[in-house]
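Encoded as C-alpha cells, the structure appears first; notes follow it.
The values are calculated or read from the model by the stated rules, or taken from the named source; none is laboratory data. Note that the structure is predicted; figures quoted are calculated from it, not measured. With ideal geometry, Cβ positions are generated from the backbone for all residues, glycine too; neighbour counts draw on all protein chains shown. Note: areas computed on protein heavy atoms with side chains; ligands, DNA, RNA excluded. Shrake-Rupley method; radii C 1.70, N 1.55, O 1.52, S 1.80 Å.
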Amino acid sequence: SKIRELPQFSLKNLLNESEAITTKDLLIQEVSLINVFASWCIICRIEHDILLNAKKTNKIKIYGINWKDNINDAKEWLKEMGDPYEKIIFDDKGILAQKLGITGIPETLVLNKSGEIIFQYPGAVTEEVFEEIIRPIIEEANKK
C-alpha cells in the first residue's frame, strides 16, 4: 500500500468533549497505530486484548477513532474493556473514517515517524496478525 498523508481533521475527544483532537495531535515523531472501533462492533472485542497488550509490551502509542457510536456506550465499553488509547477521536458521523478509506471496522493503521499512513489492516488484529504482519512493519518503520 502506498504511503499517504493523514487527512486534516478536528473532532471531539471522546473522553474530554470540550477538547478537540486535530491532525497535529497525531504527529508525534514516532511510529504509532490508529485503531478504528465501536462499542457495537462484536469483532472489536476480539482484538481489544491484543491492543492492550501491544500498548504494554511494545510501548507503542495507539490512537482510537470511535466510529458511528453513541458517546455514552463508547465510554461504558472502555470502562468495561480497558483503554489502550492515548487519545480517542469521536467520529460519530464517520467523516474521518471515510477520509481514511475505512468501510468497515475494526481497522488498524500504522503511521511512520512523519505521521504518514504506511499500512492499513482491515479486520480484527489477532495475535498472529500482530506478530506476523504489524510488528514487522512497526520495527521496519522504527529503523527509518
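Modelling each spin label as a point 7 Å along the Cα-to-Cβ direction, I'd like the ILE133/ILE71 distance in nm, to one decimal.
Reported label-point gap for ILE133 and ILE71 is 3.3 nm.
Say the cut-off is 27 Å between C-alpha atoms; which of LYS59/LYS93; LYS55/LYS79; LYS59/LYS79; LYS24/LYS55 go over it?
Numbers: LYS59/LYS93 31 Å; LYS55/LYS79 17 Å; LYS59/LYS79 21 Å; LYS24/LYS55 21 Å.
From the list (LYS59/LYS93; LYS55/LYS79; LYS59/LYS79; LYS24/LYS55), the Cα-Cα distance tops 27 Å for LYS59/LYS93.
Could you give the accessible area per residue of the chain, probe 1.4 Å, as a whole number in Å²? Before the final figure, lay out each step's value.
Working: 7460 Å² over 144 residues.
Per-residue accessible area for the chain comes out at 52 Å².
Considering every Cα-Cα pair within region 4-123, what fraction, in whole percent, is farther apart than 16 Å?
Working: 4023 of 7140 pairs.
Of all Cα-Cα pairs in region 4-123, 56 percent lie more than 16 Å apart.
Taking the Cβ-Cβ separation of LYS79 and GLN29 as r and a Förster radius of 22 Å, what is the calculated FRET efficiency to the nearest 0.05?
Working: r = 31 Å, r/R0 = 1.41.
It comes out at approximately 0.10.
Can you compute the FRET efficiency between LYS113 and ASN53 using 1/(1 + (r/R0)^6), with r the Cβ-Cβ distance and R0 = 35 Å? Round to the nearest 0.05. Write down the numbers at each step before the final one.
Details: r = 23 Å, r/R0 = 0.65.
Approximately 0.95, to the nearest 0.05.
Which order do the peptides 86-98, 58-70 come out in when sorted by mean C-beta neighbours inside 10 angstrom, highest first? Please list the in-between numbers first.
Working: 86-98: 18.6, 58-70: 20.2.
Top to bottom by mean Cβ count within 10 Å: 58-70, 86-98.
I'd like the carbon and sulfur percentage of the solvent accessible area for the chain, probe radius 1.4 Å, heavy atoms only, ligands and nucleic acids excluded. Present the calculation step by step, with values, prior to reporting the outcome.
Numbers: 3770 of 7460 Å².
C and S fraction of accessible area: 51 percent.
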